[in-house]
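Contents: one structure, followed by commentary.
The values are calculated or read from the model by the stated rules, or taken from the named source; none is laboratory data. Just so it is clear, the structure is predicted and the values come from calculations on it, not from any experiment. FYI the Cβ positions are ideal-geometry reconstructions off the backbone, even for glycines, and counts take in every protein chain you see.
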């Protein structure tokens with residue numbers, strides 16, 4: 001008998017079908033990956049296993065954990081199972097953690113709620129669990145709070161909470177989506193190690209086949225609430241039967257065709273830029289320290305050129321981006337756009353600022369949900385001395401929405417009426433509407449499904465041909481940077497350690513850190529021809 005057996009699971013919420021006849025099973029010591037696009041039913045399947053369903057949910061079928069029917073288990077008994085027999089790692093650790101409680105208290109909380117041991121023993125056990133996930137108390141005291149840790153470290157705390165009582169089943173819901181490649185590799189290695197060491201079953205939910213291609217024993221592909229294909233990983237990857245599975249595979253390794261550029265005129269010039277942050281005093285009479293986020297960075301971005309910037313979290317990418325936008329003062333060096341300084345005195349130069357726009361990682365968070373699309377994408381008009389009005393304004397809105405693959409009628413809708421990919425298209429329309437000379441893409445496709453990501457990358461290639469875009473593309477996803485840029489810079493600890501033609505850097509990296517990043521990136525196996533089709 002398998003550890004977890006899901007048989008003919010159907011789920012509806014207020015009469016709306018969500019899951020349809022879902023079947024999967026997990027054995028102890030095995031990893032099963034459930035993959036598919038957003039809305040395919042992956043997370044709802046996991047929540048059904050935990051019996052954490054919303055009001056109005058109705059289920060049919062069976063979910064058995066160690067032979068016990070979960071769907072008929074009373075809530076009081078499920079509370080005893082959650083955290084003890086089933087652990088769950090959520091996608092966004094900052095929202096899964098309590099910001100006002102220390103990491104030690106949060107790991108201990110799982111132990112104490114289940115009364116697994118006295119408080120004194122719970123403290124020692126929390127230390128050992130945190131040590132097991134790579135956070136030794138000597139370097140990461142239990143008194144630290146979530147905001148004092150990096151994204152990867154916070155994810156390790158969430159994993160520690162989930163495995164504190166060594167559950168038989170661990171569910172990981174997109175645990176690496178927002179992490180850089182080296183941290184992602186560490187988290188995946190950690191999860192594989194826990195399965196080997198504890199013999200637990202792991203249900204891994206992800207939208208990226210490349211993440212699980214070399215770690216899962218079995219892959220389950222879901223679409224529109226149904227399992228369209230499932231099987232052992234090697235068999236499925238080498239003999240894909242369903243067109244949707246092949247589409248996911250192709251999208252995971254999507255390549256775009258950028259138009260040629262003859263960029264030889266400097267547009268953005270960054271010269272010996274230094275940005276320091278003051279650190280708090282360690283003692284009452286101690287001199288305050290400082291952290292150098294950007295260290296003597298210099299580069300030139302030519303007109304019509306597409307430049308990539310890669311590096312781990314905390315390497316200084318975002319600080320450098322804010323400095324280029326004039327949102328951060330620098331202690332040394334200068335930043336010029338088209339020959340003019342970005343900062344005049346201590347304020348952004350408005351004549352320069354209107355020539356730059358930015359596309360953020362989270363499009364929903366960068367929009368005001370109370371405003372309609374027409375107002376949202378025309379926000380940059382306030383940078384202009386004479387913004388367009390009347391018919392000219394409406395024509396500009398229609399042109400931009402059409403350029404990003406949307407309809408002019410979408411101008412009258414609210415942002416919540418769109419999918420994630422459509423929201424990112426709207427964000428790109430907002431960046432383009434005043435025809436800036438430079439666009440900064442800050443992790444603009446990191447949170448998107450692989451198929452949606454492929455569509456956005458194709459859109460950027462089309463826009464490059466139409467508008468001759470010049471952009472700085474910041475990302476931790478090396479496969480994306482490789483296909484969407486002409487040149488790439490690699491940043492480590494505030495310094496540019498390597499830069500050059502994109503393909504040359506990826507094919508023949510000169511710096512050890514660049515090789516580390518490339519080696520850590522998940523790669524789909526080269527399996528040639530699948531089911532009679534080229535992949």
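Details
- Selected residue [over 22 Å from the mean Cα position of the chain (by Cα), within 22 Å of residue 327 (Cα to Cα), in contact (Cβ under 8 Å) with a residue 40 or more places away in the chain and not in a helix (DSSP H, G or I)] from 439, 496: 496
- When the test is whether a residue is touching a strand residue (DSSP E or B) at 6+ places or on another chain (Cβ under 6 Å) and either loosely packed, with under 15 Cβ neighbours inside 10 Å or not assigned by TED's automatic domain parsing to the domain that holds residue 466 (or both), residue 411 does not pass it.
- Among residues of the range 54-68, those that are more than 32 Å from the chain's Cα centre (by Cα) and free of Cβ contacts under 8 Å to residues at least 60 places away in the same chain, counted: 4
- Looking at the range 146-247, the strands (runs of 3 or more DSSP E) lying wholly inside it that each contain 2 or more residues that are surrounded by fewer than 18 Cβ atoms within 10 Å (Cβ to Cβ) sit at 226-232.
- Test: residue in the range 388-400 that is crowded, with 17+ Cβ neighbours inside 10 Å and out of contact with any helix residue (DSSP H, G or I) (no Cβ under 7 Å at 6 or more places or on another chain): yes
- Residue in the range 88-108 that is within 28 Å of residue 452 (Cβ to Cβ) and free of Cβ contacts under 8 Å to residues at least 24 places away in the same chain present: yes
- Test for residue 78: is it part of a helix (DSSP H, G or I), within 20 Å of residue 173 (Cα to Cα) and touching a helix residue (DSSP H, G or I) at 6+ places or on another chain (Cβ under 8 Å): yes
- Residue 378 being within 20 Å of residue 274 (Cβ to Cβ), buried (at least 16 other Cβ atoms within 10 Å of the Cβ) and under 28 Å from the mean Cα position of the chain (by Cα): no
- Candidates 477, 458: the one that is farther than 24 Å from residue 338 by Cα and at pLDDT below 85 is 477.
- In the range 11-51, the residues that are surrounded by fewer than 16 Cβ atoms within 10 Å (Cβ to Cβ) and within 15 Å of residue 69 (Cα to Cα): 23
- For beta carbons closer than 6 Å, sequence separation of 6+ or different chains, a first residue in the range 205-234 that is outside the structural domain of residue 193 (by TED's automatic domain parsing) and closer than 17 Å to residue 19 by Cα and a second that is surrounded by 20 or more Cβ atoms within 10 Å (Cβ to Cβ) and modelled with pLDDT of 95 or more, there are no qualifying pairs.
- For the range 342-362, a residue qualifies if it is free of Cβ contacts under 8 Å to residues at least 40 places away in the same chain, within 20 Å of residue 380 (Cα to Cα) and either assigned to a helix (DSSP H, G or I) or out of contact with any helix residue (DSSP H, G or I) (no Cβ under 6 Å at 6 or more places or on another chain) (or both), and the qualifying residues are 343, 347, 348, 349, 350, 351, 352, 353.
- Residues within the range 127-145 that are assigned to a loop (DSSP other than H, G, I, E, B) and surrounded by 19 or more Cβ atoms within 10 Å (Cβ to Cβ), tallied: 3
- Among all positions in the range 257-265, there is no residue which is surrounded by fewer than 19 Cβ atoms within 10 Å (Cβ to Cβ), in contact (Cβ under 8 Å) with a residue 12 or more places away in the chain and in a strand (DSSP E or B).
- Failed criterion for residue 321 (all others in (1) under 30 Å from residue 38 (Cβ atoms); (2) part of a loop (DSSP other than H, G, I, E, B) hold): (2)
- Among residues of the range 500-517 being buried (at least 18 other Cβ atoms within 10 Å of the Cβ) and not in a loop (DSSP other than H, G, I, E, B), the one that is modelled with the lowest pLDDT is 517.
- Which listed residue is assigned to a loop (DSSP other than H, G, I, E, B) and either under 25 Å from residue 270 (Cβ atoms) or at pLDDT below 90 (or both), from 490, 445: 445
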